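Colleague: Quick one: the structure is below, and I'll ask about it shortly.
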Amino acid sequence: MEDTKEALYKIESHEKECALRMEHIQYQLNTVDKRLDQGMHKFKNIERLLWLLYPLILGLDIIGQKLI
């Protein structure tokens with residue numbers, strides 16, 4: 001009977017430790033998700049700037065060809 005109580009105690013302590021570990025893993029995953037969302041927002045801003053830059057480059061090329 002003593003062996004079963006000890007085994008049950010070990011299983012319960014193992015489950016508690018695994019629950020804490022899973023909480024920590026979930027926290028890290030949430031942190032990564034937040035950082036990815038922030039990076040996506042920055043990437044969208046850079047993409048908008050590039051789309052504004054293309055007409056500028058083409059316009060300067062056309063102006064440069066007309067001046068030469």
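The values are calculated or read from the model by the stated rules, or taken from the named source; none is laboratory data. As the structure is a prediction and not an experimental result, all values here were calculated from the model. Accessible surface is based on the protein model in full, side chains and every heavy atom, while ligands, DNA and RNA are left aside. Shrake-Rupley method; radii C 1.70, N 1.55, O 1.52, S 1.80 Å.
Colleague: Quick one: Karplus J couplings for the range 28-45, per residue in order, coefficients 6.51, -1.76, 1.60, θ = phi - 60°, nearest Hz, x for Gly and Pro?
Modeller: With coefficients 6.51, -1.76 and 1.60, one gets 5, 5, 5, 5, 5, 4, 5, 5, 5, 5, 5, x, 5, 5, 5, 5, 4, 5 Hz.
Colleague: Then there's this: Three principal axis extents, largest first, for the C-alpha atoms of the chain, in Å?
Modeller: Cα extents, longest axis first: 98, 13, 8 Å.
Colleague: For the chain, report the accessible area per residue in Å² (1.4 Å probe, heavy atoms, rounded to an integer).
Modeller: Computed with neighbouring chains in place, this is 104 Å² per residue.
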